[in-house]
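Notes to accompany the following structure.
The values are calculated or read from the model by the stated rules, or taken from the named source; none is laboratory data. A quick note: this is a predicted structure, and the numbers were derived from the prediction, not measured. Every residue, glycine among them, receives a Cβ derived from its backbone with ideal geometry; neighbour counts consider all protein chains shown.
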């Protein structure tokens, strides 16, 4: 059984949304237990006694916003998948640092919720998708796609970093960054600079000239590409592209 919470201050919206969520999970033969909360405070109280697998969180709420709640929960190491739901699409850039599973626009509520749940139900397969790589020393390895943070080039050598190892690993010279871009184009990687190919899952903020990544690294953006990168990031975040 999947335990789900909806946090939103509008009762009418909750009634409609609860039906959409339950009906969609039912189509995938997934049994859910769903609880609803009108305030962030009530939701936080419930977390002291209950664990949730998936939370649909409104952003613009009185007293405490969805972003403030997410910030507190991240600091407390709460382990559940978070989907932000908002009537204000521009909030997506404020939510990046929390690595939400999705950002759903209320103007596209049903279609984007159905897509998100469809993806969520098949997440196990996506989560463990592997990428086979050959290292410079001749070893062949398989990395989980969701573990690779970035590929980057230094002169003629290409390196990559993952979330479990501190040091970058150097790849075989048979790879160029352009070849890796083609290899990973359906896996959620963005070419943000001639020397950098990054996994969108690890982007925390997009600034005028650089990206801040979850490992604390700062990656340059090619001149004039900020808007293009933001649009692609939003598209990937909503999973409108094929991952």
Note to self: Please return the ranges of strands (runs of 3 or more DSSP E) entirely within the stretch 9-96 where 2 or more residues are over 30 Å from residue 213 (Cα atoms) and modelled with pLDDT under 95.
What the structure shows: 32-37
Next item on the list: Please name all residue pairs, on different chains or six or more residues apart, with Cβ atoms under 8 Å, provided the first residue is in the stretch 159-182 and is assigned by TED's automatic domain parsing to the domain that holds residue 148 and the second residue is surrounded by 11 or more Cβ atoms within 10 Å (Cβ to Cβ) and in a helix (DSSP H, G or I).
Entry: 162/147; 163/147; 163/202; 164/147
Item checked: Matching residues, the stretch 82-92, being in contact with a helix residue (DSSP H, G or I) (Cβ under 7 Å, 6 or more places away or on another chain) and surrounded by 14 or more Cβ atoms within 10 Å (Cβ to Cβ) -> 82, 83, 84, 85, 86, 92
Notebook entry, point to check: Just checking, how many residues over the stretch 111-141 are assigned to a strand (DSSP E or B) and modelled with pLDDT under 85?
Noted result: 1
Notebook entry, point to check: Would you say residue 149 is outside the structural domain of residue 58 (by TED's automatic domain parsing), in a strand (DSSP E or B), touching a strand residue (DSSP E or B) at 6+ places or on another chain (Cβ under 6 Å) and surrounded by fewer than 17 Cβ atoms within 10 Å (Cβ to Cβ)?
Noted result: no
Item checked: Test: residue in the stretch 34-53 that is in contact with a helix residue (DSSP H, G or I) (Cβ under 8 Å, 6 or more places away or on another chain) and touching a residue at least 60 places away in the same chain (Cβ under 8 Å) -> no
